[in-house]
Amino acid sequence: MLLFTMGFLLVILQPSMGQFPRVCANTQSLLSKECCPPWDGDGSPCGELSSRGSCQNILLSQAPLGPQFPFSGVDDREDWPSVFYNRTCRCEGNFMGFNCGECKFGFSGINCTERQLRTRRNIFQLTTREKNKFLAYLNLAKNIPSQDYVIATGTYTQMNNGSNPMFRDISVYDLFVWMHYYASRDTLLGGSNVWRDIDFAHEAPGFLPWHRAFLLMWERQIQKITGDENFTIPYWDWRDAEDCEVCNDEYMGGRHPTNPNLLSLASIFSSWQVICTRSEEYNSQQALCNATSEGPIIRNPGNNDKSRTPRLPSSADVEFCLSLTQYESGPMDKMANYSFRNTLEGFADPQTAISNPSQSGLHNALHIYMNGSMSQVQGSANDPIFVLHHAFVDSIFERWLRRHRPMLEVYPAANAPIGHNRENYMVPFIPLYRNGEFFKSSRELGYDYEYLQEPALQSFQDFLTPYLQQARQIWAWLVGAAVVGGIVTAVLTGLIKACQKKKRGTSSEIQPLLIESEDYNNITYQSNF
């Protein structure tokens, strides 16, 4: 029965988003550097006949990068995805997907015109049935192959510049594990040389937008393979937790009775095999992770290095982090001070916001505390707690966005570490997304958090707040406009008086000026404003 169910689900799967689209993982697409698959609805590339999109040259950002990566032309991820493809589908309106066959996040319907808003909930607020369904969905994703995507098992050079494609199938869950690995892996420089100070998903401004997009894609993939369009990722609110509250067999797996590093055999996750955890082995072989099974999930929560992570994050840590007004600062990496991003990521002290990479706070603290598969960046997504954890981290990001209401320009446009400028495409996603596209409220992307929901009718002050904040950011322009308005008013007043003197003595029936100078000044200022 299970095999039949999986077969049926494979039939109903629709194109989604992820790494290399299967239809473009071939010699022809790689040599032509074009990935513009047809949309099933009309058979035309990118659904062009139905005005869904068209095949276009990729527009790469030309903004300068930071100094952290001193190489050029040595990594397939540079100027993503131009090493592999320089023409992809550019979708119109609310359409999305590698062939424009889907709706953007937050939209649904045949023509993608219907707005939608789903709610992510605390995992402890789920009913037993809802919780069991979530666990079953995870297990299904781990065991069902991705219909639409494959992973690269070699670099572009190893593929002989496209003439010898090197790709393989992978399960839906492991596809996302591999993407997280690929974005954070070291650069292979040849011989035994690697460059470690590079990460397209961490230690820089893109950390929060990248993981926001990652979770949205993961969420949609689960919706597709299960047919449950209302599925949302639950979150674990770990503030002030004294231990790993989800580490039991009712939720994400308890501790093995004889080996504290393994999961209880009563948990479905005890049979899971991890991938992409042996970074030093890949580096020595100058190879990519090929998704070969590498053993069970390792987890020993609380038995971590206490000198680095003495405790789980507190509510006070989160509130201090939220009070920081700068999204990014200084070098825009893990050495940034007073940066909301760096503090939430965990490289800055959650009580001072001063960078201290030797300690792990907030987001990083959870990873280190788990003391196992979660604690190594490249393979951390192997542990399904990763999803619950990052959903809560995303909710803190959302709280900051709602509190400070930053304009898009707050996200750095230039000089960030490689791959992290506002207009850079996120590695390794196809279809393409820019970092700046996810630097906005979750409600614009079609989801909210249960503990952040507000009444439908907000107060007038709430309505006015974003406009006042924007006005504050352009106050200099407003002052300039007022000065110009005053000068124009003075000139016009002088001209009017001159005309009055010239016409003095003419018909007494001429009406006086109907607008006093003070009122005229107000009208002029409003026009300029």
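The values are calculated or read from the model by the stated rules, or taken from the named source; none is laboratory data. The model shown is predicted, which means the values in this text are computed figures rather than measured ones. Quick reminder, even Gly has a Cβ in these numbers, built from the backbone with ideal geometry, and neighbours come from all protein chains shown. Only protein heavy atoms, including side chains, enter the accessible area calculation; ligands, DNA and RNA are left aside. Shrake-Rupley method; radii C 1.70, N 1.55, O 1.52, S 1.80 Å.
Quick rundown of the values:
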{"quantity": "Asn304 being under 24 Å from Cys244 (Cα atoms) and out of contact with any Gly (no Cβ under 7 Å at 6 or more places or on another chain)", "calculated": "yes"}
{"quantity": "Conditions (1) touching a residue at least 40 places away in the same chain (Cβ under 8 Å); (2) surrounded by 18 or more Cβ atoms within 10 Å (Cβ to Cβ); (3) in a loop (DSSP other than H, G, I, E, B); (4) not charged (D, E, K, R): number failed by Pro64", "calculated": "(2)"}
{"quantity": "Matching residues in segment 310-354 - criterion: being within 24 Å of Glu409 (Cβ to Cβ) and not in a loop (DSSP other than H, G, I, E, B)", "calculated": "Cys321, Leu322, Ser323, Phe340, Arg341, Asn342, Thr343, Leu344, Glu345, Ala348"}
{"quantity": "So Ala183, is it more than 16 Å from Gly106 (Cα to Cα) and either among the charged types (D, E, K, R) or assigned to a helix (DSSP H, G or I) (or both)", "calculated": "yes"}
{"quantity": "Residue tally, condition in a loop (DSSP other than H, G, I, E, B) and open to solvent by 30 Å² or more (accessible area, probe 1.4 Å), over segment 102-125", "calculated": "8"}
{"quantity": "Test: residue in segment 385-393 that is aliphatic (A, V, I, L, M), open to solvent by less than 10 Å² (accessible area, probe 1.4 Å) and in contact with a strand residue (DSSP E or B) (Cβ under 8 Å, 6 or more places away or on another chain)", "calculated": "yes"}
{"quantity": "Contacts under 8 angstrom Cβ, first residue in segment 278-294 being in contact (Cβ under 8 Å) with a residue 60 or more places away in the chain and more than 17 Å from Ile151 (Cβ to Cβ), partner of a type in the set (Asp, Glu) and in a loop (DSSP other than H, G, I, E, B), 6 or more apart", "calculated": "Asn283/Asp186"}
{"quantity": "Matching entry among Ser270, Ser284, Ser293 (being in contact with a strand residue (DSSP E or B) (Cβ under 8 Å, 6 or more places away or on another chain) and surrounded by fewer than 16 Cβ atoms within 10 Å (Cβ to Cβ))", "calculated": "Ser293"}
{"quantity": "Matching entry among Arg403, Arg422, Arg443 (being more than 22 Å from Arg115 (Cβ to Cβ), charged (D, E, K, R) and assigned to a helix (DSSP H, G or I))", "calculated": "Arg403"}
{"quantity": "Scope segment 302-347; condition within 30 Å of Pro260 (Cα to Cα) and open to solvent by 20 Å² or more (accessible area, probe 1.4 Å); matching residues", "calculated": "Asn303, Asp305, Lys306, Ser307, Arg308, Pro310, Arg311, Ser314, Ser315, Phe347"}
{"quantity": "Flag for Pro37 being modelled with pLDDT of 95 or more, closer than 25 Å to Ile418 by Cα and crowded, with 18+ Cβ neighbours inside 10 Å", "calculated": "no"}
{"quantity": "Count - residues of segment 126-146 that are in a helix (DSSP H, G or I) and either within 27 Å of Met179 (Cα to Cα) or in contact (Cβ under 8 Å) with a residue 24 or more places away in the chain (or both)", "calculated": "13"}
{"quantity": "The listed residue being over 22 Å from Val318 (Cα atoms), assigned to a helix (DSSP H, G or I) and in contact (Cβ under 8 Å) with a residue 60 or more places away in the chain, out of Leu188, Leu208, Leu216", "calculated": "Leu216"}
{"quantity": "Test for Phe200: is it among the aromatic types (Phe, Trp, Tyr), closer than 30 Å to Leu408 by Cα, assigned to a helix (DSSP H, G or I) and within 18 Å of the chain's Cα centre (by Cα)", "calculated": "no"}
{"quantity": "Of all residues making up segment 130-181, the number that are aromatic (Phe, Trp, Tyr), touching a helix residue (DSSP H, G or I) at 6+ places or on another chain (Cβ under 6 Å) and open to solvent by less than 10 Å² (accessible area, probe 1.4 Å)", "calculated": "4"}
{"quantity": "Some residue of segment 364-382 being open to solvent by 40 Å² or more (accessible area, probe 1.4 Å), farther than 25 Å from Pro428 by Cα and at pLDDT below 95", "calculated": "no"}
{"quantity": "Restricting segment 78-90 to residues that are within 19 Å of the chain's Cα centre (by Cα) and open to solvent by 20 Å² or more (accessible area, probe 1.4 Å), the residue that is nearest to Asp186 (Cα to Cα)", "calculated": "Glu78"}
